[in-house]
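Undergrad: Have a look at the structure that comes next, please.
The values are calculated or read from the model by the stated rules, or taken from the named source; none is laboratory data. None of the values given here were measured: they were computed from a predicted structure. Because the Cβ atoms are built from the backbone with ideal geometry, glycine has one as well, and the counts that use them run over all protein chains shown. Areas reflect the complete protein model, heavy atoms only, side chains present, ligands, DNA and RNA absent. Shrake-Rupley method; radii C 1.70, N 1.55, O 1.52, S 1.80 Å.
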Amino acid sequence: MRKKRKLKSEAGALTRRDFLKGAGVTVSGGLLATGAVTTAQAAAQEGVVGPGPVPITLRINGRVHRLSLEPRITLLDALRDHLNITGSKKVCDRATCGACTMLMDKKPVYACTVLAIEAEGHDITTIESLTENGRLSPVMEAFWKNDAQQCGFCTPGFVMACTAFLEKNPNPTLEQIEKGLGGNLCRCGTYAGIRRAVLEAAKAMKGGQANG
Amino acid sequence: MQAFEYASPRSLQEAIRLLPAQWGPTDVLAGGTDLVSAMKDGISTPQRLVNIKQIAELHRMTFSPRAGLHIGATVTLRELLDDGAVQQHYPGLIQAAEAARSEQLLNMGTVGGELLQRPRCWYYRNGYGLLALRDGKSLVPEGENQYHAILGNAGPAYFVSPSFLAPILIALGATVQLHGPRGARSLPVQKLFVTPTRVGQREHDLAPNEILTEIRVPYRPGVRTAVYEIREKEALDWPLAMAAVALRQEGGVLRDPRVVLGQVAPVPWPSPEAERTLTGKKPSEDLADAAGRAAVAQATPLSKNGYKVQLARIAVKRAILSAVQQGG
Amino acid sequence: MASCKYDWPAAGQRDAIGKSTDRIDGPAKVSGRAKYTYDINRPGMLFGKMLTCPHAHAKIKSIDVSPALKHPGVKAALVIQDVGSEIQWAGDEIAAVAAVDEATAEDAVRLIRVEYDVLPHLVREENLSKDGDRAKPAGEQKVGDPDKAFADPEAVISEGFYGIPVITHCCLETHGNVVEWRGADSILTHSSTQNVSGIPSQLGAALRAKKINVQDSNIETICQYIGGGFGSKFSIDRWGVVAAELSKQAGGKPVKLMLDRDEDLEVAGARPSYFGHVKVAASKDGTLTAWSSETWGTGGPGPSGVPPVPYILTNIPNIYKKHTSVSTNIGPARAWRAPNHPQACLMTLAALDDLAAKLAMDAMEFLQKNIHLAPSYLVNTYQQELSKAAELSEWSKYWHPRGDKTPGHLKRGLGVSLHTWGGRGHAGSCNVIVRPDGSVTVQSGTQDLGTGTRTVIAVVAASTFGLPVDAIQVEIGDSRYPFDGASGGSTTVGAASAWTRRGSVDALNELFAAVAPSLGVQANQLEARDGRIQVQGNPSKSLSWKDACAKLGAKTIHTVGKNPGPCNLGSVGVGGVQVADVTVDTETGKVKINRLVAVQDCGLIIDKLTAESQVYGGLIMGVCYSLFEEKVMDQTIGRMLNANMEFYKLAGIGDIGGELIVHMMTGPGYDERGVIGLGEPPVISPGAAISNAVANAIGVRVSQLPLTPRRVLAALAKGGIA
């Protein structure tokens, strides 16, 4: 990369260091859930924000996080670098491999190409939320028991994609699995285990529903 | 990624006011999968990004037999796929959108963004511009052109139009609505795509301060459609060749056939040759094969992409057969 | 009765050994809790970024990092390669910065100014006649009298050209480290490495060479989880040293420096290419008589490696071979899972398959007929494996002479290949600690690449102590633990199982000694079973594990297990056979996998689940490089065009086709060899098996991998059944 361009403003940059000192404020979900228009949205109605840091409020796994980020910071980097939520991985960083998969309003997205500022007002769900009570989710359990993992770096993304996929396709065929999970890549070659895991998780989730 | 200012207007007029009259300093953000990636690669270096996803009027989809299907630019591919009217009346569109083969892309990608995404040409993506120039000379003819154009490739543009949706939309006679400071205009989808002939020219007939707002697809009962694409991978990948077909059968013969190829030329590539071959004929495998051959008769492959001629021919043949075999 | 005290238990007494045990770190991985190097966020951490060279070959004329250093938020900047340095590949590291966040670091890198004198480059080597003086002889060998053998008028001779391009490792976690100084003379690194114990001395030596004084003993390396290595992550690498220097310049603050994806694909690992003309001869009955090959390949600026041909059938009586190494300006080669073997395997097994076709022989029969030319210790294994593979693939039902004559454009074919690998456990060690409360810990400075090291350690210790697997606490991935070798060449499971076994047996004997008086017997009359320490043959005289350990009083048992060591716990040299069953669409050239069969020997299996996963993984990785993978270089610009995961294509879940059948050779004849590594072997054969299956389907050889529509259609245009 050879191009360079001066930023309009460097003032007020919230740095990683600030975050680690605790500048990233976290409050519980209930308090701000009905907080109507968030800060960046309010600013946007009047015009333009950035390129320096902008107050951004993210609702992640039911908790509200207030951050100050440049508009160029992706949702993935905001979570990984500024909130230390690292289950979602950075792999291709170009909307190809699915390792960064999060759910946005319950739909899987590539967080590497979602800007954090665009994610305001949406419900973000990450892999961390699926074990908040310490127990593995049915999809995780099935991945574990079918050894649908080796190095494990693609696994959280696959688990998220599968979780959303099974919500939509509770009785998947193998062909649906292959199409539905075509947006995730594994390097170690765990697809055989993943195929088994998805079928087993589907069964387990139905069992769970039937039992109330 | 370089820093930029950001706006997320609620109205179309506001959005248009935020766009300057020249390319470069501002980009319109919709799904973001292509644009944000291009920004990370330093291919796009906007100083301002205008997010149009909060403009409600761009996110509507309506259908009526009289008006046809109106798809707001920021309707996602997933929303398109899940729409009952689309499923019922536009199976070809469903086939084309499904080709994305990634649930994440379907959820993020918008119909407007799909049409306006930039080419995947790896010289372009590595910073050599749309025309892949180095010292004024295109890198493509003597380079790694296995994924480049086989039609409309007299130069200087050799990239292929990447849109999955454009071929079927063209086959269906769809138009796009564009809004700019001086109001709205409408274009047939085919006219949205242009082959650049000089540095700085884009591959879309779209002014820097215009926004693609809507895609309108006529309702044509009795028209059978099909899309066939060939690619290396089954998972998320780019087709090597794609064909979209729309036709009617009357009294045992084909009427009003439209055949449009994708991924083979700098623009979606309608084939009047294939259409002439089909018109008024009784469908058969031989006829479909003849149409496929006609579609690529003018192909001028480069040093490493001769195989795409065969793939385009087969895609046309199989799309025709698939369309013919459908009911309705 | 075991003849040596550490010997593996006899069949029937192995507890968890050989059964399927779920990965003990599985829950951490599936839940996203596992912390990889890329996930490490340390207090006050800075982000490192590097400026890399855009030219494939150039000399640095001038360089100025001072504008970057002045940029707000930048805490350190340094020149990696100074004026006058000759750069040998695009993407090589030139300068680096560390800043408060990643975006600021990127901005700062853009401010660095470098001028280059651009020099001529070569980045494509497949046409040897154009490689000029970049091509250097790399070995020539003659056995017997090949000229005479080929001149034999009775000989059936097949000639062909075969090739396999440079591919990359594409580990999902890019290479990198988080490095920090703890005071003036101590360093902590979190490193994405296959070589936890080896990193401190590498980093120490590199820093001392730069007059930065630090002792190896004051460097600690941690890697709890690694997102793929495949042979590319043995070294601290220049960027790891750079991170340490940046950290020092920034007052010791932690610096995270992970490669970007494009950097990783461009510079952090290339598997050498291999091209060649091969001529093979057999007598009319199919007995191989002669081999001749003239091959070449590139491994970047350094030597290409010399794949061992003829592969497996090394005892062909007449052999001529010549290899040429082409020096190119691409990122340097690194060991790629089973270095040299996939290339040798394709070159040999494809050539032999073509010869079998010329002889009108069934490929499976042809291999059986000539398998006596394999190293003698593997002949029996291969014979059994070929039969098993034939059975599992329904070879006799689906194989046909070359060229599927079924009408239509879909042609089905079968292909077979075989492979070998060493896999002896490397040198290494562990602590085994048994505490009075009954807790058991095994510690080692080893690593788990996803191969199941942790689980293997737990299974061996648990089975030795008669405890459930989850009773064992396994602590690895930290260089403060006892030294273990790097995880390369399938050497880790052999080592870890052996040192765990030795340390555990010793610890158990110490426990027996402590417990024996209270049970009124000699220590050597005790055994550990089902969570109890009991008198052999008399379970009524026993203590629970917990009560037994309580007898230790204030003492903690601490033994050290080592490998190599007494008793024969492992061996070397496995054989495997694979069959591919494919359908080729002759109109589109697209290859679809119907079924892959892998029959594999690895001696005594510790964890069946993770062992089978290695084989599945090998097959699937094999599909990737057989059908999709290629590092595409442009000769004009000298750069990799597909340094992204969109065009550097890995198979997705829909690309592996139908059934994958894995059969492990176990039981008598296999188990008694002890443990042998399994990481490399299953990835060797897929290229040849799939290529042979495609040839069987379409009646013509597609000479080069990957078998893309472009190459398949080109081959069909030259012949075949279509």
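Undergrad: Of the accessible area of segment C:531-613, with the probe set at 1.4 angstrom, what percent is carbon plus sulfur? If you can, show how the numbers build up before the last one.
TA: On the way: 1480 of 2780 Å².
Carbon and sulfur: 53 percent of the exposed surface of segment C:531-613.
Undergrad: Continuing with this model, one more query. When the solvent-accessible surface of protein heavy atoms is calculated with a 1.4 angstrom probe, in what order do C:Thr348, C:Thr451 fall, highest first?
TA: C:Thr451, C:Thr348
Undergrad: Let me ask you something else. Taking each residue of C:610-623 in turn, how many C-beta atoms of other protein chains fall within 10 Å of its C-beta, and what is the average?
TA: The mean count of partner-chain Cβ atoms within 10 Å per residue comes to 4.
Undergrad: Averaging sequence separations of C-alpha pairs under 8 Å and six or more residues apart, then dividing by the length of chain C, give the relative contact order as a whole percent.
TA: Numbers: 1908 pairs, mean separation 119.1, N = 722.
Reported as a whole number, the value is 17 percent.
Undergrad: Report, by chain and number, residues whose modeled amide H sits under 5 Å from the one on A:Arg72, excluding near sequence neighbours (fewer than 5 apart, same chain).
TA: B:Phe4
Undergrad: Accessible surface of C:Cys567 in the full protein assembly, 1.4 angstrom probe, to the nearest 10 Å²?
TA: 30 Å²
Undergrad: If you plug each phi of segment C:607-619 into the Karplus form 6.51 cos²θ - 1.76 cosθ + 1.60 with θ = phi - 60°, what whole-Hz ³J(HN,Hα) values come out, in order, with x for Gly and Pro?
TA: Rounded to whole hertz, the list is 10, 4, 4, 6, 5, 5, 4, 4, 6, 4, x, x, 4.
Undergrad: For a quick check, take a GNM of chain B with Cα springs below 10 Å and name the residue from B:Leu18, B:Leu192, B:Leu151 with the largest mean-square fluctuation.
TA: For chain B, modelled as a Gaussian network with Cα springs under 10 Å, the answer is B:Leu18.
Undergrad: Related question: Work out the charge dipole of the protein assembly as shown with +1 on the Cβ of Lys and Arg and -1 on the Cβ of Asp and Glu about the Cα centre, then indicate which of C:Tyr162, B:Ala67, C:Val456 is farthest towards its positive end.
TA: B:Ala67
Undergrad: Can you tell me the dipole magnitude for chain B around its Cα centre, using point charges on the Cβ only (Lys, Arg +1; Asp, Glu -1), in Debye to the nearest 20? Show your work: numbers first, answer last.
TA: Values: 36 positive and 30 negative charges, 116 e Å.
Once rounded to the nearest 20, the dipole reads 560 debye.
Undergrad: Moving on. Search the structure for amide H atoms under 5 Å from the amide H of C:Ile187, placed 1.01 Å from N in the peptide plane, and list their residues when 5 or more places away or on another chain.
TA: Here the answer is C:Arg182, C:Ile219, C:Glu220, since their amide H atoms fall under 5 Å of that of C:Ile187.
Undergrad: Next question, about the same structure. Compute the relative contact order of segment C:56-117 as a whole-number percentage, counting only Cα pairs closer than 8 Å that sit 6 or more residues apart in sequence. Working shown, then result.
TA: Values: 123 pairs, mean separation 29.8, N = 62.
Averaging sequence separation for qualifying contacts and normalising by length gives 48 percent for segment C:56-117.
Undergrad: Now for a different question. For A:Glu120, what accessible surface area do you get with a 1.4 Å probe? Give it in Å², rounded to 10.
TA: Approximately 10 Å² of A:Glu120 is accessible to the 1.4 Å probe.
Undergrad: Of C:Gly618, C:Tyr6, C:Ser487, whose Cα points farthest to the positive end of the dipole of chain C (charges on the beta-carbon: +1 Lys, Arg; -1 Asp, Glu; origin at the Cα centre)?
TA: Of the listed residues, the answer is C:Tyr6.
Undergrad: Ok, one more. With springs connecting C-alpha atoms under 10 Å apart, model chain B as a Gaussian network and identify which of B:Gly72, B:Gly173, B:Gly200 has the largest mean-square fluctuation.
TA: The residue that fluctuates most here is B:Gly200.
Undergrad: Under the rule that a partner needs its Cβ under 4.7 Å from the first Cβ, which Cys of chain C have none?
TA: If one checks each Cβ against the other cysteines of chain C, C:Cys53, C:Cys170, C:Cys171, C:Cys223, C:Cys345, C:Cys430, C:Cys549, C:Cys602, C:Cys624 turn up with nothing under 4.7 Å.
Undergrad: Normalised by the number of residues in segment A:136-210, what is the relative contact order in percent for Cα pairs under 8 Å and 6+ residues apart? List each step's numbers first, then the result.
TA: Numbers: 67 pairs, mean separation 37.6, N = 75.
Reported as a whole number, the value is 50 percent.
Undergrad: Sticking with this one: Would any residue of segment B:13-33 have its amide N under 16 Å from a label point 7 Å out along Cα→Cβ of A:Asp105? List them or say none.
TA: B:30-32
Undergrad: Which whole-Hz couplings ³J(HN,Hα) result when phi for each residue of segment C:421-432 is put into the Karplus expression 6.51 cos²θ - 1.76 cosθ + 1.60, θ = phi - 60°, listed in order with x for Gly and Pro?
TA: Working through the residues one at a time gives 7, x, x, 6, x, 7, 6, x, 7, 8, 9, 10 Hz.
Undergrad: I would also like to ask the following. What is the mean number of Cβ atoms from other protein chains located within 10 Å of the Cβ atom of each residue in peptide A:141-148, rounded to a whole number? Can you show the working numbers first?
TA: Values: counts 4, 1, 5, 9, 6, 4, 13, 4.
Neighbouring Cβ atoms belonging to other protein chains average 6 per residue here.
Undergrad: How many Å² of accessible surface get buried when C and B come together, counting both sides, probe radius 1.4 Å, rounded to the nearest 100?
TA: Numbers: alone 26880 and 14240 Å², together 38340 Å².
For chain C against chain B, roughly 2800 Å² becomes buried.
Undergrad: Express in Å², to the nearest 10, the accessible area of C:Tyr6 obtained by rolling a 1.4 Å probe over the protein heavy atoms while all chains stay in place.
TA: 20 Å²
Undergrad: What size of dipole, in debye to the nearest 20, comes out for chain C about its Cα centre when the only charges are +1 on Lys and Arg C-beta atoms and -1 on Asp and Glu C-beta atoms? Numbers along the way, then the final one.
TA: Numbers: 71 positive and 74 negative charges, 122 e Å.
For this selection, approximately 580 debye.
Undergrad: Between C:Ala507, C:Ala350, C:Gly652, whose Cα lies farthest towards the positive end of the dipole of the protein assembly as shown when Lys and Arg beta carbons carry +1 and Asp and Glu beta carbons carry -1, centred on the Cα centre?
TA: Highest projection toward the positive end goes to C:Gly652.
Undergrad: Applying the Karplus parametrisation 6.51 cos²θ - 1.76 cosθ + 1.60 with θ = phi - 60° to the phi angles of segment A:171-177, what ³J(HN,Hα) value in whole Hz is obtained for each residue in order, glycine and proline being reported as x?
TA: Ordered by residue, 3J(HN,Hα) equals 10, x, 8, 4, 5, 5, 4 Hz.
Undergrad: A follow-up question, please. With the full set of protein chains in place, find how many percent of the accessible area of chain B is carbon and sulfur; take the probe as 1.4 Å. Don't jump to the answer; show the numbers that get you there.
TA: Details: 5450 of 11250 Å².
Answer for chain B is 48 percent, counting heavy atoms of protein chains only.
Undergrad: If DNA, RNA and ligands are ignored and the probe is 1.4 Å, what is the ranking of C:Asp671, C:Asp64, C:Asp484 by accessible area, most exposed first?
TA: On the way: C:Asp671 25, C:Asp64 60, C:Asp484 0 Å².
Sorted descending by solvent-accessible area, the residues read C:Asp64, C:Asp671, C:Asp484.
Undergrad: Further question on the same structure: Of A:Glu178, C:Glu154, which has the most accessible area and how do the rest follow, probe 1.4 Å?
TA: Values: A:Glu178 40, C:Glu154 110 Å².
Result of the area sort, largest leading: C:Glu154, A:Glu178.
Undergrad: For the protein assembly as shown, what percent of Cα pairs sit more than 46 Å apart? Walk me through the intermediate numbers first.
TA: Numbers: 295822 of 795691 pairs.
Roughly 37 percent, once rounded to a whole number.
Undergrad: I need the calculated FRET efficiency for the pair C:Ser544 and C:Ser20, taking r as the beta carbon distance and R₀ as 25 Å, to the nearest 0.05. All intermediate terms of the calculation are to be shown ahead of the outcome.
TA: On the way: r = 27 Å, r/R0 = 1.08.
Here the calculated transfer efficiency is 0.40.
Undergrad: Let me ask you something else. Considering only C-alpha atoms, what is the centroid distance from segment B:300-328 to segment B:113-168, in Å?
TA: Spelled out, the Cα-based centre of one part sits 20 Å from the other.
Undergrad: Using the Cα centre of the protein assembly as shown as the reference point, and only Cβ charges (+1 on K/R, -1 on D/E), how large is the resulting charge dipole? Debye, rounded to the nearest 20. Intermediate results must be reported in sequence, preceding the final value.
TA: Working: 135 positive and 123 negative charges, 301 e Å.
That gives a dipole near 1440 debye.
Undergrad: Please work out the average accessible area per residue across chain B, using the 1.4 Å probe convention, and give it in Å².
TA: 34 Å²
Undergrad: Starting from the amide H of B:Arg258, placed 1.01 Å from N in the peptide plane, find each other amide H under 5 Å away whose residue is 5 or more places distant or on another chain.
TA: So B:Arg258 has HN proximity to B:Ala246, B:Leu247.
Undergrad: Let me ask something else. At a Förster radius of 22 Å, what calculated FRET efficiency corresponds to the Cβ-Cβ distance of B:Ala85 and B:Gln326, to the nearest 0.05? Spell out each step's value before the answer.
TA: On the way: r = 18 Å, r/R0 = 0.80.
Approximately 0.80, to the nearest 0.05.
Undergrad: So what is the calculated 222 nm ellipticity per residue for chain B, using -39500 (n - 2.57) for each DSSP H run with n of 4 or more, over all residues, to the nearest 500 deg cm²/dmol? Intermediate values should be presented prior to the final figure.
TA: Values: 12 runs with 94 residues, N = 328.
That comes out to -7500 deg cm²/dmol.
Undergrad: Sticking with this structure for a sec: Taking chain B as a Gaussian network, Cα atoms linked when under 10 Å apart, which of B:Val176, B:Val259, B:Val86 shows the biggest mean-square fluctuation?
TA: Comparing B:Val176, B:Val259, B:Val86 in the GNM, the peak value goes to B:Val86.
Undergrad: A further question on this structure: Rounded to the nearest Å, what's the spacing between the alpha carbon centres of segment C:505-530 and segment C:109-147? Just the number, please.
TA: 64 Å
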